């Protein structure tokens, strides 16, 4: 959320800094950047001071703060469950009990993760291979046959275990 609102927040902060710099009679400048840099990732085509400071300072700072907050949230969550009711980490706890123990105000990321986990099915369905006779026929023979022939071929393939008396078929067609 902080990253998505970074443009508006940075604009406010930059305007306040700009006003303060004007009061102190200091110019805002982009630092000199050399053409070839092996160990730094400075933006190469920056058009304004505002864009430069946003890309090089504000966004990396936001990322670092977010990472630190998330890591501290995980450490706090881990500590909570190690000392859970003085018994240590339970082996047979249910996800709904864990969600009840999780405060969104203290653990926002873990709370979101637990709600996603609770909404997942118990068994994950994997992609099943299709052994459908009709599908196999359609795939292999689609370009060469019409609907009537496809239906006939499907019936023959589906009922292939039925013994057919060839003589009776010849007699039937000869009539």
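Key figures
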quantity: Inter-label distance for residue 15 and residue 103, nm, one decimal - labels placed 7 Å from Cα along Cα-to-Cβ; calculated: 3.6 nm
quantity: Label-point separation, residue 25 to residue 95 (7 Å along Cα→Cβ), nm; calculated: 6.5 nm
quantity: Where labels lie 7 Å past Cα in the beta-carbon direction, separation of residue 79 and residue 168 in nm; calculated: 8.3 nm
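Bear in mind that the values in this text are calculations on the coordinates, not laboratory data. Computed from a prediction, not measured in an experiment: that's the story for all the values here. Glycine gets a Cβ as well: all are built from the backbone with ideal geometry, and neighbour counts include every protein chain shown.
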